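The values are calculated or read from the model by the stated rules, or taken from the named source; none is laboratory data. What you see is a predicted model, and the numbers here were worked out from it, not measured in a lab. All Cβ positions, glycine included, derive from the backbone under ideal geometry; neighbour counts span all protein chains shown.
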Amino acid sequence: MGTEGASVEISEPLLVSETQQIKPVEEEPEQQIPEWKDQITIRGLAVSALLGTLFCIITHKLNLTVGIIPSLNVGAGATELKGCEDLGFMGLALCSNCNTLAEIAGVGRGVCWVNGLLVKQRMSLTQINMTKAPEAQHPVKAFGWAATDQSGHLSPLNFSRRATGDEDVRFKVLYCGICHSDLHSIKNEWGFSTYPLVPGHEIVGEVTEVGSKVNKVKVGDKVGVGCMVGACHSCEQCNNDLENYCPKMILTYNSIYHDGTITYGGFSDTMVANEHYIVRFPENLPLEAGAPLLCAGITVYSPLKYFGFAQPGKHIGVVGLGGLGHVAVKFAKAFGAKVTVISTSTSKKDEALEHLGADSFLVSRDADQIQDAMNTMDGIIDTVSAVHPLLPLISLLKSHGTLVMVGAPDKPLELPVPPLIVGRKMVAGSAIGGMKETQEMIDFAAKHNITADIEVISMDYVNTAMERLAKGDVRYRFRYQRWKHLGCY
Ligand SMILES: [Zn+2]
Ligand SMILES: [Zn+2]
């Protein structure tokens, strides 16, 4: 993560299960937590081992060839909390009868050292149908670029995608954005990567086939898929078009799909998804520069709308001018708001004012500038993922104003409470948006000519691009290092 406002990242919302409870630890957390840890370790192993064994014995009639492999890293499907030490366990069993690798994920409680919270995880029982190699799992052949281990190096992979179901849309991938979360995922920096891992969740292309019940799009239409490809469709969040907050939301890659197979992302020649997760791209919205909106765009659009910032006359601050920030400025301006970019240095001032059309620019480290702008903003979208002080930002808010965090620092930030109390101010968070709102955002972007600033690269450049992204050495050479595009094919 960079140290500048340019470091912006949250693409995958933190997944929390339905039964997850987060309780503050009131006293001496350092003293209490290790006890938990020890107990849970033992219980976790036992339960996981038992379940794994039983599962294969029952379903595959004792043709168990490989026993249980407890692991400290819970696989996909369990609950993850960034910055936490995860204490889930995983049982693995290989059945020689059907050659099914069953994963019994599960168990227990994690300890979030960083946030000082105890995190109770739901036990989940999952079978991953890793029957055969990824290329033989499904009937439709696919080609992509995958990481096969934590080195994160991407190499060509033959795999497969499911046949086009009644409600499915299949499309040829034309471009796919590179998001910083792709980098975290291929290197297993969040601890739940399953290899081979095909990243990419800003996927756009042209429809090649639709299922019999699909009426949203037709062959030849331009479409996209963003961060998610499934959810439960029965919970309160889903019923309110907020699949992004569904506890069973399925991510576009490195997640377990309804059929038990692992999802693969857009660094690939072809994609298939349920039509509910397909976003229509209006003709006038360029595919390559529109693709990042599927992640960055909706991440900022949703809070602008939800918190009432999307109105003429509102004064909105945008902290950080990276992949999320530059798009936030464009959307906020299109809503008619007055926009102030807040950054740690003046290096991006010209860019903010002249290129992006922001109304003013504030250096957050300049006490005089902050003082002059105190109590002037209705809302602030904070895209910075590095640890940074909140006090200057809170002081910029008017009474009842809201500071919305969309970047995800991996360490806790200090929250000064008195200024919140005095002005009845709020600090909030937000993660992408539901499918209905994502379509609304894309349509709005097309209408107002909003796109992300991008650089198009060829697929064989992807490893170099990832290295540069990791090092941040593209910051001064390219306008927005977060959002590269892959001309996949
Ligand atoms: Zn993303
Ligand atoms: Zn749901």
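Filtered by the rule that a residue be outside any loop (DSSP other than H, G, I, E, B) and farther than 21 Å from residue 243 by Cα, the stretch 289-312 gives 289, 290. When 188, 254 are screened for being away from ligand 1 (no atom under 15 Å from the Cβ), in contact (Cβ under 8 Å) with a residue 12 or more places away in the chain, in a loop (DSSP other than H, G, I, E, B) and buried (at least 19 other Cβ atoms within 10 Å of the Cβ), only 188 passes.
Can you name the residue in the stretch 191-209 that is within 30 Å of residue 466 (Cβ to Cβ) and in a strand (DSSP E or B) and, of all such residues, is nearest to ligand 2 (Cβ to nearest atom)? Looking at residues that are within 30 Å of residue 466 (Cβ to Cβ) and in a strand (DSSP E or B), I get 203. When 289, 296 are checked against the criterion of being touching a residue at least 12 places away in the same chain (Cβ under 8 Å) and crowded, with 24+ Cβ neighbours inside 10 Å, a single residue qualifies: 296. Within the stretch 210-251, if we keep just the residues that are assigned to a loop (DSSP other than H, G, I, E, B) and within 16 Å of ligand 1 (Cβ to nearest atom), the residue that is nearest to the chain's Cα centre (by Cα) turns out to be 227. If the condition is being at pLDDT below 95 and in a loop (DSSP other than H, G, I, E, B), then the stretch 314-324 contributes 320, 321, 322. In summary, residue 457 fulfils each of the numbered conditions (1) under 23 Å from residue 252 (Cα atoms); (2) at pLDDT below 95; (3) in a helix (DSSP H, G or I) with the single exception of condition (3).
Taken residue by residue, the stretch 120-132 has at least one member that is outside the structural domain of residue 188 (by TED's automatic domain parsing) and at pLDDT 50 or above.
Just one residue in the set 255, 268 is farther than 19 Å from residue 207 by Cβ and polar (S, T, N, Q); that residue is 255.
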